[in-house]
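Below you'll find the structure, written out as structure tokens, and then a few comments.
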Amino acid sequence: MSGFTSQDSATRISVGQAITPEELRSSGASADEATARYALMLGDDSLMLAQRLGAWISRAPELEEDIALGNIALDLLGHARFFLTYAGSAWGKTEDDLAYFRDEEEFRSVRLVEQDNGDFGKTIARQLIFSFYARELYSRLVDSADETLAAIADKALKEVDYHQDHAAQWVRRLGGGTEESHRRMQAGLEDVWAYVEELFVDVDPTTQLAEADIAVLPSSLREPVMQRLRTVIEEAGLTVPEVKGAYGADRTGRFSEHRGYILAEMQVLARQHPGATW
Amino acid sequence: MSAQQAHLQAVGSQAAAEPITEQARRAADEARVGWERFQELIAEDKRVEPRDWMPDHYRKTLVRQVSQHAHSEIIGMQPEGNWITRAPSLKRKAVLMAKVQDEAGHGLYLYSAAETLGTSRDEMYQQLYTGKAKYSSIFNYPARTWADVGAIGWLVDGAAITNQVPLCRASYGPYGRAMVRICKEESFHQRQGWEILYTLSHGTEAQKQMAQDAVDRFYGPALQMFGPPDDESPNSQQSMAWNIKRFSNDELRQRFVDMIVPQAEALGLTLPDPDLKWNEERGHYDFGELDWDEFFSVVKGNGPLNHQRLAHYRRARDEGAWVREAAAAYAAKQDAQARETALLSA
Amino acid sequence: MPDKTPEGTEEIPAGGVVATDPADRSAWPLWEVFVRSARGLSHVHAGSLHAPDASMALRNARDLYTRRNEGTSIWVVPAAEITASDPDSKGGFFESPQGKAYRHATYYTQSEGVPHL
């Protein structure tokens with residue numbers, strides 16, 4: 001770009017230093033079968049949530065919030081790309097093979113991240129739960145015996161730290177803002193609460209991987225995450241929902257109606273042109 | 001409050017103490033000095049800053065120009081935003097998300113610049129919401145295919161950048177500074193669009209078709225983004241004299257055509273204009289007459305998606321109202337509480 | 001609403017409805033944002049934004065003005081809290097330092113060539 005100049009240091013831009021999905025791919029790091037299946041779970045969670053949040057852009061309550069949600073969606077998409085790239089290394093597949101050419105029953109996301117955006121209150125409720133969960137998860141995954149997972153967690157941890165703050169700020173404001181916002185925030189929490197439990201279910205192969213210090217055992221996250229969620233919710237003058245966990249908490253998609261729609265939209269173009277490069 | 005309003009208020013408050021003639025004389029003096037200083041700044045191609053005296057017409061023209069530009073960024077999020085959930089690879093999804101998000105940011109920079117002229121963002125929102133404000137007509141066309149995302153990046157952003165780079169030197173300081181930031185960020189927008197088209201035109205037959213079709217549809221409207229021909233653009237002269245427009249519509253259009261012809265060749269795509277050819281004598285490409293009837297029809301609200309774009313915008317504003325209110329109410333409560341605590345501890 | 005409708009925007013497109021943007025009850029104040037691009041440099045004015053309160057303003061500033069590594073530190077200030085000098089057209093506020101060359105090292109020429117002076 002030429003034709004304009006600025007000595008203004010506030011517009012000095014740079015790429016910065018952090019691992020990229022492309023670097024991960026060319027690093028030759030290769031996951032074994034079990035680790036790949038674990039990475040797939042983490043990647044699918046981030047991908048589904050990024051897909052949902054991405055749909056907010058141009059629809060947020062205020063321009064500043066379009067940008068905030070965009071940043072969070074971009075972070076999550078980045079995490080998904082890391083995890084899917086790493087998972088794919090076990091099967092000779094790329095991130096796009098996994099994102100675009102798997103069917104519903106092959107995804108391993110939790111239903112929480114598949115929930116529709118609803119109103120801003122519901123989206124913030126979903127964000128609150130997922131980011132508190134992810135923050136706790138990555139804070140332990142940084143110590144994984146698997147170097148690649150640890151490296152991804154290190155990058156993701158710093159980012160979800162901000163996501164968690166963003167969600168908590170909004171929960172406080174919506175909880176303590178107006179009567180309507182309080183009602184909507186509470187309704188948002190009630191709406192997604194049935195899907196909290198699934199985050200903490202020890203499904204195959206996490207148990208074995210956790211024993212080898214590669215994965216974080218989901219059930220071990222339950223107490224600290226729930227404790228912190230309860231605190232934020234109560235401090236915002238809201239009530240922790242008493243909604244029972246929904247049956248079918250096994251990430252298989254057998255009990256999700258949203259997943260099919262998400263994939264239909266996300267994959268439509270790629271599947272119309274199998275084998276094409278974009 | 002604008003500097004001018006502040007000044008008028010200051011004069012008003014002294015009304016009781018001073019005779020009217022004295023007041024009028026001082027106001028006239030102030031205006032004369034301000035006017036001379038303004039003329040000087042413009043003549044020397046220097047920058048006018050928010051608190052400077054400026055002619056009313058300059059202020060109004062700028063507010064109109066800057067806010068229309070901001071509205072274009074905001075409405076411009078829609079056609080591409082519509083593809084975020086369907087982008088055909090994760091890399092493209094990330095790029096597109098970052099790009100559409102940038103547009104929100106650019107709208108925001110521009111609204112901020114306009115706000116320094118004494119028009120609040122809410123007033124500008126109101127103009128857009130009620131359908132009174134104009135924005136670039138190109139965004140009333142649909143982004144039907146993935147290749148359209150490429151064509152928008154290459155042609156629409158390309159035209160926008162051609163228009164914007166000279167405006168980094170606009171006479172109004174905050175506008176110029178917003179443009180610098182925008183141009184820096186937008187340099188990736190055009191490239192990513194070109195790259196999408198390049199990948200398509202070197203892909204399968206269906207992809208190549210898709211790319212050519214998108215270029216066919218966006219070429220004309222992109223050229224029209226520079227506005228009507230110079231002889232039908234009555235306000236241009238004044239804006240150029242004020243350095244808030246640095247080249248005429250036709251000059252910029254020519255510059256853009258000259259730029260994209262070789263780029264299209266590198267893509268292996270054709271531009272849908274049988275009259276497009278190099279003119280040795282002029283040292284420029286000649287190009288055919290554009291469909292100005294269509295242009296004015298779209299400007300007047302009859303474009304394919306005028307209604308839909310506005311409805312989308314309004315829905316977002318309406319559905320977000322309770323959130324904005326809640327945050328404002330929360331801040332007010334916090335303030336009140338802080339004041340109370342301060343009183344108690346005093 | 002304000003009476004200074006920008007010219008040329010009075011036309012309501014066909015099908016346009018006269019409705020009211022629901023911003024009125026909820027306008028967020030304007031904040032000025034200052035960004036330090038690297039350690040060792042001052043905070044520089046980067047632009048402005050709207051936010052309901054200081055802590056959201058800071059976060060919005062982070063999201064808006066440091067998307068490309070522009071900053072390592074941010075200040076936000078309510079725009080209404082800034083007191084500005086009159087522009088230079090209005091008198092002698094900045095006249096005094098003009099022509100006081102003796103405030104500058106270059107004014108003192110006799111020491112030229114003398115080391116460390």
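The values are calculated or read from the model by the stated rules, or taken from the named source; none is laboratory data. In this text the structure is predicted, and so the values were computed from the model without any measurement. Positions of Cβ are generated from backbone atoms using ideal geometry, with glycine treated the same way; all protein chains shown enter the neighbour counts.
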When the stretch A:13-35 is examined, which residues are found to be under 30 Å from C:Ser37 (Cβ atoms) and β-branched (Val, Ile, Thr)?
A:Ile13, A:Val15, A:Ile19, A:Thr20
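For A:Thr231, state whether it is free of Cβ contacts under 8 Å to residues at least 40 places away in the same chain, under 30 Å from C:Ala61 (Cβ atoms) and of a type in the set (Val, Ile, Thr). Show your work before the answer.
Values: free of Cβ contacts under 8 Å to residues at least 40 places away in the same chain: yes; under 30 Å from C:Ala61 (Cβ atoms): yes; of a type in the set (Val, Ile, Thr): yes.
It is true that A:Thr231 is free of Cβ contacts under 8 Å to residues at least 40 places away in the same chain, under 30 Å from C:Ala61 (Cβ atoms) and of a type in the set (Val, Ile, Thr).
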Could you look through the stretch A:54-68, keep only residues that are at the interface with chain B (Cβ under 9 Å from one of its Cβ atoms) and in a helix (DSSP H, G or I), and pick out the one that is nearest to B:Ile84 (Cα to Cα)?
A:Gly54
All but one of (1) crowded, with 24+ Cβ neighbours inside 10 Å; (2) at positive phi hold for A:Ala125; state the number of the condition that does not hold.
(2)
Out of A:Thr20, A:Thr35, sole residue that is of a type outside the set (Gly, Ala, Ser) and at pLDDT 95 or above
A:Thr35
Number of the condition not met by B:Glu319 [criteria: (1) surrounded by 15 or more Cβ atoms within 10 Å (Cβ to Cβ); (2) acidic (Asp, Glu); (3) modelled with pLDDT under 95]
(3)
Does the stretch B:184-191 include one or more residues that are surrounded by 21 or more Cβ atoms within 10 Å (Cβ to Cβ) and closer than 19 Å to B:Val261 by Cβ?
yes
For B:Ala98, are the conditions met, namely being within 12 Å of the chain's Cα centre (by Cα), of a type in the set (A, V, I, L, M), at the interface with chain C (Cβ under 9 Å from one of its Cβ atoms) and assigned to a helix (DSSP H, G or I)?
no
Filtering the stretch A:97-110 down to residues that are in contact with a Lys or Arg (Cβ under 8 Å, 6 or more places away or on another chain) and assigned to a helix (DSSP H, G or I) yields A:Tyr100, A:Glu104, A:Glu105
Whichever residue in the stretch A:78-92 is farther than 10 Å from A:Ala39 by Cα and either surrounded by 24 or more Cβ atoms within 10 Å (Cβ to Cβ) or at pLDDT below 95 (or both) and, among such residues, is nearest to the other protein chains (Cβ to nearest Cβ):
A:Arg81
Can you name the residue in the stretch B:151-182 that is within 10 Å of another protein chain (Cβ to nearest Cβ) and of a type in the set (Gly, Ala, Ser) and is also surrounded by the fewest Cβ atoms within 10 Å (Cβ to Cβ) among such residues?
B:Gly176
When you look at C:Ala84, is it modelled with pLDDT of 90 or more, aliphatic (A, V, I, L, M) and either touching a strand residue (DSSP E or B) at 6+ places or on another chain (Cβ under 7 Å) or surrounded by fewer than 16 Cβ atoms within 10 Å (Cβ to Cβ) (or both), yes or no?
no
Filtering the stretch B:96-151 down to residues that are without any contact (Cβ under 8 Å) to a residue 12 or more places away in the chain and farther than 22 Å from A:Leu74 by Cβ yields B:Glu115, B:Ser120, B:Arg121, B:Asp122, B:Glu123, B:Gln126, B:Thr130, B:Lys132, B:Arg144
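I'd like the full set of residues that are in a helix (DSSP H, G or I), touching a residue at least 40 places away in the same chain (Cβ under 8 Å) and farther than 13 Å from B:Ala222 by Cα, limited to the stretch B:241-254.
B:Ala241
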Considering the stretch A:8-30 alone, what residues qualify as being touching a residue at least 24 places away in the same chain (Cβ under 8 Å), out of contact with any Lys or Arg (no Cβ under 6 Å at 6 or more places or on another chain) and under 25 Å from A:Gln267 (Cα atoms)?
A:Leu24, A:Arg25
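Take the residues in the stretch A:174-203 that are free of Cβ contacts under 8 Å to residues at least 12 places away in the same chain and touching a helix residue (DSSP H, G or I) at 6+ places or on another chain (Cβ under 8 Å); name whichever of them is surrounded by the fewest Cβ atoms within 10 Å (Cβ to Cβ).
A:Glu180
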Checking B:Arg121, B:Arg181, B:Arg191 in turn, the sole residue that is in contact with a strand residue (DSSP E or B) (Cβ under 8 Å, 6 or more places away or on another chain) and farther than 30 Å from B:Ala43 by Cβ turns out to be B:Arg121
Is at least one residue of the stretch B:33-48 β-branched (Val, Ile, Thr), away from chain C (no Cβ under 11 Å), buried (at least 23 other Cβ atoms within 10 Å of the Cβ) and in a helix (DSSP H, G or I)?
no
Determine whether the stretch B:281-291 contains at least one residue that is within 14 Å of another protein chain (Cβ to nearest Cβ) and surrounded by fewer than 18 Cβ atoms within 10 Å (Cβ to Cβ).
no
Could you please find all residues in the stretch A:129-152 being closer than 22 Å to A:Glu114 by Cα, touching a Leu at 6+ places or on another chain (Cβ under 7 Å) and not charged (D, E, K, R)?
A:Ile129, A:Phe130, A:Phe132, A:Tyr133, A:Leu137, A:Tyr138
Matching residues in the stretch A:241-278 - criterion: being assigned to a loop (DSSP other than H, G, I, E, B) and within 14 Å of another protein chain (Cβ to nearest Cβ)
A:His273, A:Pro274, A:Gly275, A:Ala276, A:Thr277, A:Trp278
Criterion violated by A:Asp44 - all others in (1) touching a residue at least 60 places away in the same chain (Cβ under 8 Å); (2) within 14 Å of another protein chain (Cβ to nearest Cβ); (3) touching a helix residue (DSSP H, G or I) at 6+ places or on another chain (Cβ under 7 Å) satisfied
(3)
Suppose we keep only residues that are among the small types (Gly, Ala, Ser) and in a loop (DSSP other than H, G, I, E, B) within the stretch B:76-95. Which one would you say is farthest from the other protein chains (Cβ to nearest Cβ)?
B:Gly76
Matching residues, the stretch A:227-240, being in a loop (DSSP other than H, G, I, E, B) and within 14 Å of another protein chain (Cβ to nearest Cβ):
A:Ala236, A:Gly237, A:Leu238
Among residues belonging to the stretch B:192-228 that are more than 19 Å from the chain's Cα centre (by Cα) and not in a helix (DSSP H, G or I), point out the one that is surrounded by the most Cβ atoms within 10 Å (Cβ to Cβ).
B:Gly203
